[in-house]
Each structure stands twice: as C-alpha cells, then as structure tokens.
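Every number in this text was worked out from the coordinates using simple rules, so none of it is lab data. All values reported here derive from a predicted model rather than from experimental measurement. Cβ atoms come from the backbone with ideal geometry, glycine included; neighbour counts cover every protein chain shown.
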Amino acid sequence: MHVGMLGPLLVTAGGTEVRIGGARLRTLLIRLALEPGRPVPTESLTRSLWPEDRLTDTSHALHALVSRLRRSLPEPAVVEGIPGGYRLRLPPASVDVTHFEQLRQEGQRRLREGDPAHAGRMLREALALWRGEPLADVRDLPFAAQEVNRLTELRLTALEDRVAADLACGADDLVAELQGLTASYPSRERLHALLVRALHAEGRQSEALRTYAGYRRYLADQLGSDPGPELRAAHLAVLRDDRGTERSRGNLGAPLTSFVGRAAERRRIHEQLREQRLVTLVGTGGVGKTRLATTLAAELADRTSDGVWLISLATATAATDVPQTMLHTLGVRPADRSADPVRALVAALAPTETVLIMDNCEHVIEAAARVVEQLLVGCPRLRIVATSREPLMIPGEALSPVPPLPVPPSGTPLPKALDSPAVRLLVERARAAHPAFAVTEKNIGHIVETCRRLDGLPLAIELAAARLRSMSIEHLAARLDDRFRLLTGGSRTALSRHQTLHAAVTWSWDLLSEPERRALRSVAVFSGSFDAAAAESLGVATELLDALFDRSLITLIDGPEPRYAVLETIREYALQHLTEAGEVLRMRHDHAAHFLALAEQAAPHLRGPRQHPWMLRLDAESGNLLAALRFATDFGDADTAVRMAAALWYAWVVNSEHTEAVERLRRALAMPGPVRAHARRTAAIGLLFSSVLGGDREAMRDARRRVLDDGTLPPADPLATALLAVTSDDPAPVFAADGPETDPWERGLLWWIRSFLSARRGEAATLCDALTRAEDGFRRAGDRWALAMCLLSTSDARLTVGDLDASLRALEESTELAHGLGTNDQQRLWLAVVRLRSADVRGARAELLSIVEQASAGRYASTARIFLADLCRQEGDLDAAARQLEHAANDRGAQQDRVFRSLYRLSAGHLAVARGDLRGAARDLREGLDLIAAMPHVPMGATVGAGVAALLLRAGSPASAAQVLGAGRALTGAANADVLRLEEELGEQLGTSGYADACRLEPPAALALIQQSLAAFTPDAGRRARPTGRRSRAGQPTRSRSG
C-alpha cells in the first residue's frame, strides 16, 4: 500500500487507486501518514480532526472513525491501535512525504561529498513525487499549515540542490529555468547565486555581473542587507573568471597517505580558530606542520562557505613573492597590474568567508607577517592558519606548537607500543614500502628504539620506513648513529628539503645568524634538558636561547624553573658543526666543570633535611651529570671522574641504581692519575655500599678486592672497616659499629651496615637493636630516605619475631616519609606482605591490585603481580596465577633487579609444582635459589623453603620435604599460607629430629641444606605429578581455602 500527500490524497495498493470517502477519514489517514511507523497520541489526533469542536466523548468518536478507516483500506491492519494512540504501520518509502525527504537528504549528502551526478539523479527522483500542492485535502486545517510551509521550503531547497548538481555536471541549459525561478521567488538568494553561476558557465560574464549588481541593489533597497556568502563567492568566481565547480573545497588535493595521530592538536587548533582569526603552527623542520595544516583544512572545508586555500610559500625567495604567490594561487587578476597586490587580495577576499593555509613562512617571515596582518585587518571574515618554524609576531596571533609524535618508553609491550602514533606511523609506512613487514615480539623493541632515536619526527620516521625496503628494522636501528647518511631517498615529488633528513635540518640552519649557529653548536653538548645557568656556563646568553626557541630549534620544558632541550636529530647535526669548528673538547670540558660543581654543591645536602629538593634537581640533570662523568672517564681526567662519582654515589643509591653505581664507581676508581684523597675515600665507600645494596655477592667480592688493592682507605676508618667486613666471605665478621660523634649520618650508616650482618646470621634481637640505632643516626642527620629504608627493615624484623603492632608502626612511619619523597610504592608493597602474614588476604589483595593499577609503580607493580600470582595459586586458580606471572615477566626493567628475578622464579616454581610439572618446578626453583645464594641476605626466606618442600612432597619424599621446611623456618620465623598448608599436610613428619635440627640451623647452613636437597632431586623421566589446582568440568579451577 502507498499513500501520496504531495498533491491530493492518493492511496494505491497493487497499482490500483483506493478511494477514501469522507473528509474526516482522509484527514485521519493524512495525520497518521505524516508520521509513518510512529505512535500518534489520541489527544493529538482529536485536536487535528476536531480543532474547533468540543466533543464530550472524543475517544469514542475517534475509535469509530478509525474503524471506518480500516474498512476503507485494502490492508486494515496497517492502522494499529497502541496504548494511548494509533500508528500507521507503513515503511517510510510507502509514504511520498517521507520518501521525498529521504531522497532529498541523500541527494544533498552526495552533493556535499562531491558526487553531483548521483546527487542530481536522486533529487530529480524526489521532485518527481510532487503532483501538486502538498496536503491539498487538509491545507486549511491548523495542524497542516506549518507542515505545508515546511514541505514547500524543502521542495525549493531540493530544486536548488538539483540545479547546483546539474551545474556541477556541466549542464548548459539552466539559465532559462533559473530566470523563471528567480522571477517566481525573488527573495531566494541562492537561486540568484545559481543564476550568476549558470550565466558565467555559459560565458555570459557581463550578464552575470549585471545580475549580481541588480540583486545586490534589490537587497539594499528592499531589505537593507548585503549579499550572503554563496552569492559573494559566485560573484568572486566571475571576477576571477574561474569556472571551477568545486569552489567550496578551494585547491586542496586528496591526501595520498593516511594521517596518524595529532587528535589533541587538531582539537586545540579548532578551538583556537573559534576564538582567533590567525593560528600559527610552529615546530621544527620535519615535525609535520604542513600535513597537520592540510588535514585541518580538509576538516574546515565543509564549514567554510567560500573555500579553503593552500598557499605554499616554499618557492618564494623575496618579499614581493609572497602576495604574488597568493594572487596566483587564488586566481585573482587585478584590473590594474600596477596596483598594490595586497589591496587586490583584500578586495577579492573581503566579501568572503575563506580560510587560507599559509605554508612555509619561516624564510620570508617578515613579508608574510606584513601581508597576513593587512589581510586580517581588511577581511573581517577571513581566517588564516600559518605554518612556520617561528611565530609571525603580529597582533592577534595564537600560537599552536606542533611537537614530535609521542614515543613509548623502551620495554613497552607490543600491544601498548602500537598505541603510540610514532610507532603506528613507522609500521604503516613500512608496510607500504615492504608489504611483508610484520610487527613481532622480537622486533617491537627495535621499532620503538628507532622512533625514539628519531625523536618522533614524522619526516625522519617516514624516511626510515622507506629504508626498510632493503634492510631489516634491526639493521636500521643499529645504524642510526649515522642517521644523516642513512635517511635519504624520500618522495621524488616532495620539496628538496624533505627528501633527506640532512636537507631538512640544513634548511633551518641556513636561516640562523652566526651567533645563533654558535649558540646551537654549544648547547648540543648537553644530554637531556638544561637550564639557562648551564647554557651561560658555555657562553650562551638567555637572549640566544630565546631566539633558538622561537625558531623551533630547542624546546622549552614546563616546570617551576624554565628548562630547555634539543631534539636528538638537531643535536647530532649541531655536533657535526661543533666538530668542524674544532670546539668539541673545549665545550665538553666547560660542560663537565659546570656539572662537577653542581654535583659537589649537592652532595652534603643529599644526607640532610634538604635531600628531596636536591634529589629533584639532580634527577633533572641526570643526563648531563652522566655525560660529564663519561667525558672525564673517556678522556682520562681521573680527578674530575672520581670527584663526580664521589659526589653522586649516594644519589644513585637513593634512586635504587645500585648496579649502575657499582659500574660507574669502579670505572672512575680504576683511572690512573692524581685524585684528591677525600674524593677517593668517598668513592670507595660508595662502591662498597652500592655493591652490598645491589645484592650480587660476586660484585661485592670484586668491589672489596679493588678497594683493598687501591690501598687508599685508612685502616682505622670505621665505615671502610665495616663495609670490608660485610663484603667479605666470612660468615661472622667482627667490627665495631662506632664512629665519630660529630657525624650522625655516618653513625647511622655504620649501624645500618651492622644490621646486614645480623640479618645474615638470623639474629633477630641484634638486628632490631642495630636498626634502632641506625634510625637514630639518620633522624639526627635529617636523611629521610635512609630513615624510611631502615624503618622498612625494622617492620620486617619485628614481623619476624611476631610483634605485629611494632611492625605496623614502623611501616606507617616509613610510608609517610617515603610519600614525602615522592613515592611510597615499596612501602605499600610491604604493607600487603604484612597483611598476608597476618591472614588479612582480602586487605592484601586490595593493596596489591591498587599498586598494579598505578602506572607509576614500575617494578613494584610487577612484584605485586608475583604476590597476586601466589594468592591465585593458593586459591586454586592456576590459570589466573599464570596470567599474573606472564604480566610480571613482560616488565623488562624489573627483570634487571636480582630480588625481583629471584621472587619471580620461586613463584613460577611453586606454580609448576601445583600444575604437576616437577621437572619445570625444579628448574625454576634452582634458578631462584642460585640468585638468592649470591645475595648478602635471603629475601622472603619462608618462600624459599616452602617451594622446594612442596616439590619434594609431590615427588613422594615427605621426610626430605619436612627437613627443607625446617630450613626455611631457620631463615625466618615468619610463616605464610604455603608454609602453614605444608605443615598441615606433613603432619607427624614435623615431629622428627630432621625437622627440628633443620629449624636450628644458622641461615647460611639452612640455605645450603635447601640447595643440596634440590640438587639431589631427580624426578622420573617424563613423569608429571597430579596438579593440585582443582578443575571444574568446564576446565576452570575451583576455589580452595587460601590458608
């Protein structure tokens, strides 16, 4: 069935007309058909049918009328009663009004998208549905009046769109039709604009101009207004004699490659353009300013009535070239060739709403700024987006910095790395150059490293991707030290300066003055960011830093104090010029001298109340401090190297860089040459202490040997004596934990070292006493970090002897201190351990999950996953335990930490036991024990014994399992859920002498017994024990008591 209302009511079914008798029946059907498929409330229907009558029982009258209508229709069921109203069950295409609107909307969309041929066909089909005046049967009723006006307006709009589509397709017989339409509808401005365009298209330029002038006078006389944007654009096209049909899109071409990232920048620039009429995109060469600007232009095209135009100033070489290039691009031909070209531009653009993309302004910056300012003053609806390596510096300019694409940190897992715009760009362009290119777990690190080394610069990344046609990503990443020779061969159609990385940077270099070049060469020696004082030490004034920043050659880093940075690509280029100028050694020497002075100024404060602000300052300068140390080491300046290492070793310890500190101190102390005695003594102390905290027994032996061979430590030096004792292989060395009363910090450090020996021997009482004395020394000195660490050890010691309240008090203070230093993740992790030891499994899990969810937690988050894996295993959910361990294993940074690796291997071994993989369990447990054996003390001692005991018990050796469990008890008195469960399973085995003797062993002997028992373990070849994690029929583990 079909209902037609664009003319007299016409109902057809199967091609046959159905007569609907009675005015009210026709009215009811029309009212329902205006909203096909949608409910029409009873109240609305009665108002439409009886607008002036006041029936007492409208519902019955309406019901009777609906019944009559159903009897009149070939399909009575199409009139459906619903709660509160009625509905005409017809699809929109079966009612000419809604079908017309669908066709009109689709035609309009096709026209906007640049498909005029398809648009014209759809619009003609829509207009063909009209048979006369709309709603002719009810046009005098109140409900129909507004609808009639709406439909009439839609028909005229569709008619205008159809004519526009025909014009776009090159039709040349539209003038007569448009002249008739403008006569019938003299106030419809768009029809006049179409007439001007049609006359122009037929070559009747003078008539088109007269038509525009006549209608302009009509508007002024009759309405007191000016022509709108579409008519003005048509007039401008006549003046230009430009008969193009896609005026609204200016001269933008279709992009040849995908656009990656920049969502935040695009949002920001759109917001700026709503507030300002000039936005300048500033950034270094190759950062993607042009591509970002043209992408924005495409987004603005449909919202800018008179077009978006790209003005490329790349070939302009003189000031006069700027306006001439714009005239040529816009197609504006001044009537008088001797006239001012900027005035001609203003005359052409003033009546329009236009967006100009002024690309590559930096080499003609002054001329571009003058032209842009005059255009903005003379053209109130003009908006300009400029791209430049420096600002135009004119009133009303909004700057929008374009930074490099974000690059993920090294070690980022593959799925997260692919979220990075820089990585996505490299991968997309690599696949375009080499379709077989694939991203894998093995090469994602090289992909990330390539993007990082190239500073996230899109040009450099695209040039690198092109090289993947002939080399692997691994080979490419290894050759980036020679990036300027490597990254050539860009697009043949690109600007010459975009075909190689070297040319792109040279373009910026050539625009600098000689003092600016000298300044850029100088700051290239910095590694990472630097402040104005550091630059001044190299002879670079703040004014020159500002100039380099304005030219996008250095960046400004937000913070309390301004800091600057140089992109690695710019830095390497400037270093080449520094080398050619013969200034490298002098600049590096001045650089090292400045940062040595900073390090020695900071050193005493690192042990006192101002520790935190000085640590923040050294962290900000870490790259420069290490660069200065490397320079001194590489060039044989022993005094500078040792003094630098002596000043910084404690900062490295506070930052948990124990392994790195050992290597740096070892290299410095190994250098020949005269060194100040105090600096050598301090560096030797730092080497010994760092090796102890690093937990590598071999490193401790090496450090001890080097210090003894050096012979510079005084024999009576209390700190030296204590550290030499701790790093010796003597299981029970003796030294006096005493020191000068005038230095509370050294006394604190002495007692802290004494606590290491007590922990090694398992002497709980002396351990607690030593830690208390260490805390006192650090409190008096004001060293918050060392105090927090000692309190953390105190918490562990008090928990071991069963004093939970004291453990929590120490932990609470340690957490507060660490929070004041910027992070307390380690303390929170230990709080979870304390809760596990006190059977608060729910609280421990909540704390561990909270740590995992915080991205800043780093290796502590991965360690938390190990404890979560243990919880899942204890509850029988072996798959969840495996997933947690898999996440932990993916943290490459955490894998560098020996304690983390030992805990991971022990947990993996225990999980393998639960799964019945005894051979795999033995392998993991053995690796974990080997790591622990090389440490000065045993972390998580109970866990060590429990894993091996569980393995032996599953293998059918309960007596050996009991003995190992006793050795684990000897390592620490505390018991976790695994220990308690094993004790329950072993039962009477715990009453044997083997278990009791093992419990009384000294820690070194206890650890040796566990290792020997594991070494003697030989499971039957291929034998797997029965898994202990119970499974449901669906394959999922069932829950068991955690213990």
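Only Lys, Arg, Asp and Glu carry charge here, each on its Cβ (+1 for the first two, -1 for the last two); on that basis the chain has a dipole of about 2440 debye about its Cα centre. Computed packing ranks the peptides 809-822, 191-204 as 191-204, 809-822, most packed first, by mean other Cβ atoms within 10 Å.
So for region 823-1015, taking the charge dipole from beta-carbon charges (+1 Lys/Arg, -1 Asp/Glu), which of 909, 1008, 861 sits furthest toward the positive end? The residue sitting farthest along the positive end of the dipole is 861.
Chymotrypsin sites (Phe, Trp or Tyr not before Pro) within region 56-131: which are DSSP loop residues with at most 15 other Cβ atoms inside 10 Å? Passing both the DSSP loop test and the Cβ count: no residue. Among the trypsin sites (Lys or Arg not before Pro) in region 57-147, those located in a DSSP loop and surrounded by at most 13 other Cβ atoms within 10 Å of their own Cβ are 139. Spin-label pair residue 469-residue 996: with each label point 7 Å from Cα along the Cα-Cβ axis, the two points sit 8.3 nm from one another. Protection proxy ranking for 313-321, 926-934, using the average of other Cβ atoms within 10 Å per residue and placing the highest first: 926-934, 313-321. Dipole magnitude for region 101-161: about 180 debye, using +1 per Lys or Arg Cβ and -1 per Asp or Glu Cβ, origin at the Cα centre. Here the 3J(HN,Hα) profile of region 574-590, calculated from phi with Karplus coefficients 6.51, -1.76 and 1.60 at θ = phi - 60°, is 5, 5, 4, 5, 5, 5, 4, 7, x, 10, 4, 4, 5, 5, 5, 5, 4 Hz, Gly and Pro shown as x.
Counting 0.36 nm for each residue step from residue 370 to residue 576 and taking away their Cα separation leaves a gain of 70.6 nm. Gain on full extension, evaluated as 0.36 nm per residue between residue 2 and residue 849 minus their Cα-Cα distance, stands at 298.6 nm. Ranked by the mean number of other Cβ atoms within 10 Å of their residues, highest first, the peptides 638-645, 899-906 come out as 638-645, 899-906. Proximity of backbone amide H atoms, modeled 1.01 Å from N, is registered between residue 387 and 281, 358, 359, 360, 361 at under 5 Å, excluding neighbours fewer than 5 places apart on the same chain.
Subtracting the Cα-Cα distance of residue 146 and residue 77 from their residue separation scaled by 0.36 nm leaves 21.9 nm.
The calculated FRET efficiency for the pair residue 222 and residue 157, based on their C-beta separation and a Förster distance of 25 Å, comes to about 0.70.
Read through the labelled values (1) 33.0; (2) 31.5; (3) 36.4 and report the label of the one computed as Kirkwood radius over Cα pairs in Å from the structure. Read-out taken from this structure: (3). Annotation note: GluC sites (Glu not before Pro) in region 407-475 located in DSSP loop regions with a Cβ neighbour count of at most 14 within 10 Å are 441. Inter-label distance, residue 806 to residue 705: 4.1 nm, where each label sits 7 Å from its Cα along the C-beta direction. Distances between placed amide hydrogens fall under 5 Å for residue 306 paired with 353, all partners being 5 or more residues away or on another chain. Each residue, residue 112 and residue 919, gets one label point 7 Å from its Cα in the Cβ direction; the gap between the two is 6.7 nm. Considering the dipole of region 1-171 built from charges on the beta carbon (Lys and Arg +1, Asp and Glu -1) around the Cα centre, which of 163, 65, 111 is farthest to its positive end? Most positive-ward Cα: 65.
Considering only 833, 890, 814, and ranking their Cα positions along the charge dipole of region 765-896 that arises from unit charges at the beta-carbon of Lys, Arg, Asp and Glu, the one farthest toward the positive end is 890. Between residue 543 and residue 433, what FRET efficiency follows from the Cβ-Cβ distance if R0 is 45 Å, with the result rounded to 0.05? The formula returns an efficiency of 0.55 here.
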